[in-house]
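The values are calculated or read from the model by the stated rules, or taken from the named source; none is laboratory data. Since the structure is predicted, the reported quantities are computational estimates derived from the model, not experimental observations. Virtual Cβ from ideal backbone geometry, glycine too; neighbours counted across all protein chains shown. Side chains included, ligands, DNA and RNA excluded: accessible areas come from the protein's heavy atoms. Shrake-Rupley method; radii C 1.70, N 1.55, O 1.52, S 1.80 Å.
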Amino acid sequence: MVLKLYGAPFSTCTKRVAMVCIEKKIPYEFVNVDLATGEHKTAVFKAIQPFAEVPYIDDDGFILYESRAICRYLEEKYRGQGTELAPHDDLNEIALYEQACSIELCNWDPFAGEAAYEVLIRPLLKQPVDMKVFEKAIAKLSIKLDAYDVILGKQAYLAGDNVTLADLYHLTWGVMLGLAGSDIMTQKPNVTRWFKDIRARPSWLAVTDGVTSRLSYE
Amino acid sequence: MVLQLFGSPVSTCTKRVAVVLREKKVPFELHPINLASREQKSPEYLAKQPFGQVPYIVDDGFVLYESRAICRYIAAKYAHQGTPLLPSSSDLKTIALFEQAASIEQNSFEPYASKCGMEKVIFPRLGLTTNQEAYDQAHQTLDMKLAVYDQILGKQKYLAGDELTIVDLFHISWGVLLKAGGSDIMESKPNLARQVWWIEITSRPAWVAVKDGVQSVEKY
């Protein structure tokens, strides 16, 4: 049975999973969850995803949520197919990959997410926008990206010389920062090079305008 | 050469690593970093940890930072000694549910518990004012997330399944600061599943040994 991805077409976390499916050439059926009408808050949905968040997958009856956990599962299950997105054998290589994954979650996501959410998501929810929140988040992010610039001055990607899931996770908020009015992703030389590289990946381009089913690959 | 842990004896993230080192019976030498004098922002420190954060380890020349990455590395490298802290099965679905739990901790517990801890415990220690509104908002969100924890822990013993893993231990260092900040959210309601889990993991000798400060351990 084909993998089912339950989510919202423009949700950052749903796009993250769809992108990895495409990198790994995994056919999937996208099933829309209507966030606008609160479908994710219904008892039926919460029985499957108790935090009332998208996305989740149904892989032949196996339910999994948390986008990064889903991405890791798909990388592991389809090892050897499509792009390799994580090291699997060497303890130290794996450790540096886990370090990169943790960097993304602790030093990127809270600040990039806060900035993009303030300017781009709040208006969609008819909430007032506080530009001071945006500016403060960008200022904090800039300091973090100084460290990224040091790291990426020594290696091509965040975990080493090969692209991994840790790099791809940055795309969803990263492209939104430009739309939100910040040029921070083009300010520091190595960060600029790295971000330009990952955002040109066909798998990202395929989900930029929204997630749809992908049932075959040539 | 014995593992070197560079961190602050009372830092939440340094304690997180120390708990796992102790559970796995790995000797280590603590090199205290003086956060008050901003030693972590010195050029020497930044050369090893470019974000200027504690802790990092040096394991026979191998440098690693980010406390959860260090914990995963220790748990994997020393899988055959001490407390098992990773799923015993290498079954794909078991590992996936472990990763789901790891992600839950980082997305649904850490941001809110750490916000509460920073506002009510850390900031006052640094002579900064508590933002009560920020605390209340974080605390309220945490309460909602913990209601889901009760559902999960009502069906299985630990967050990833029926086996203890590093993910459960990750919660402790910020979690205990909730009580220190005046919240009984973790242990107040005996009929909630979270309480049994919380009391068990915070009673573990490895945590008790580091809760008041991390010290080097030459042997076990």
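Identify, from the list A:76, A:93, the residue that is assigned to a helix (DSSP H, G or I), charged (D, E, K, R) and free of Cβ contacts under 8 Å to residues at least 40 places away in the same chain.
Details: A:93 fails: free of Cβ contacts under 8 Å to residues at least 40 places away in the same chain.
Sole residue among the options that is assigned to a helix (DSSP H, G or I), charged (D, E, K, R) and free of Cβ contacts under 8 Å to residues at least 40 places away in the same chain: A:76.
Residue-by-condition table, conditions (1) assigned to a helix (DSSP H, G or I); (2) open to solvent by less than 60 Å² (accessible area, probe 1.4 Å); (3) under 20 Å from residue B:138 (Cα atoms):
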| site | (1), (2), (3) |
| --- | --- |
| A:113 | yes, yes, yes |
| A:129 | no, no, yes |
| A:134 | yes, yes, yes |
| A:138 | yes, yes, no |
| A:145 | yes, yes, no |
| A:151 | yes, yes, no |
| A:155 | no, yes, no |
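Among the residues of region B:10-43, how many are away from chain A (no Cβ under 14 Å), in a helix (DSSP H, G or I) and open to solvent by 20 Å² or more (accessible area, probe 1.4 Å)?
Qualifying residue count for the region: 3.
Can you say whether residue B:167 is within 21 Å of the chain's Cα centre (by Cα), aliphatic (A, V, I, L, M), surrounded by fewer than 21 Cβ atoms within 10 Å (Cβ to Cβ) and closer than 28 Å to residue B:205 by Cβ, as far as the supplied structure shows?
Numbers: within 21 Å of the chain's Cα centre (by Cα): yes; aliphatic (A, V, I, L, M): yes; surrounded by fewer than 21 Cβ atoms within 10 Å (Cβ to Cβ): no; closer than 28 Å to residue B:205 by Cβ: yes.
In short, no.
Any idea how many residues of region B:174-220 are in a helix (DSSP H, G or I), over 25 Å from residue B:125 (Cα atoms) and open to solvent by less than 50 Å² (accessible area, probe 1.4 Å)? Walk me through it before giving the result.
Step one: of region B:174-220, the residues in a helix (DSSP H, G or I) are B:174-180, B:193-202, B:205-210.
Filter once more, so that each one left must be over 25 Å from residue B:125 (Cα atoms): B:193-201, B:205-206.
Narrowing further to those that are open to solvent by less than 50 Å² (accessible area, probe 1.4 Å): B:193-195, B:197-198, B:201, B:206.
Counting residues in region B:174-220 that are in a helix (DSSP H, G or I), over 25 Å from residue B:125 (Cα atoms) and open to solvent by less than 50 Å² (accessible area, probe 1.4 Å) gives 7.
Can you pull out the residues in region B:80-121 that are of a type outside the set (Ser, Thr, Tyr), open to solvent by 50 Å² or more (accessible area, probe 1.4 Å), within 13 Å of chain A (Cβ to nearest Cβ) and outside any helix (DSSP H, G or I)?
Going residue by residue through region B:80-121, those that are of a type outside the set (Ser, Thr, Tyr) are B:80-82, B:84-87, B:91-93, B:95-102, B:104-107, B:109-111, B:113, B:115-121.
Now drop any that are not open to solvent by 50 Å² or more (accessible area, probe 1.4 Å), which leaves B:80-81, B:84, B:86, B:91-93, B:95, B:97, B:111, B:115, B:118, B:120.
Going one step further and asking which of them are within 13 Å of chain A (Cβ to nearest Cβ), we end up with B:86, B:91-93, B:95, B:97, B:111, B:115, B:118.
Listed by number, the residues that qualify are B:86, B:91.
When the residues of region B:47-63 are narrowed to those that are among the hydrophobic types (A, V, I, L, M, F, W, C) and assigned to a loop (DSSP other than H, G, I, E, B), which ends up farthest from the other protein chains (Cβ to nearest Cβ)?
Within region B:47-63, the first condition is being among the hydrophobic types (A, V, I, L, M, F, W, C), and the residues that meet it are B:47, B:51, B:54, B:57-58, B:62-63.
Still in the list and also assigned to a loop (DSSP other than H, G, I, E, B): B:51, B:54.
Details: B:51: 5, B:54: 13 Å.
Out of the qualifying residues, it is B:54.
Just give me the residues in region A:27-54 being among the hydroxyl-bearing types (Ser, Thr, Tyr) and assigned to a loop (DSSP other than H, G, I, E, B), in sequence order. Break it down into steps so the answer makes sense when it comes.
At the first step, the residues of region A:27-54 found to be among the hydroxyl-bearing types (Ser, Thr, Tyr) are A:28, A:37, A:42.
Listed by number, the list holds a single entry, A:42.
Suppose the filter is at the interface with chain B (Cβ under 10 Å from one of its Cβ atoms), part of a helix (DSSP H, G or I), closer than 26 Å to residue B:51 by Cα and among the β-branched types (Val, Ile, Thr); does residue A:70 pass it? Let's see the steps before the verdict.
Details: at the interface with chain B (Cβ under 10 Å from one of its Cβ atoms): yes; part of a helix (DSSP H, G or I): yes; closer than 26 Å to residue B:51 by Cα: no; among the β-branched types (Val, Ile, Thr): yes.
No; evaluated as a whole, the condition is false for this residue.
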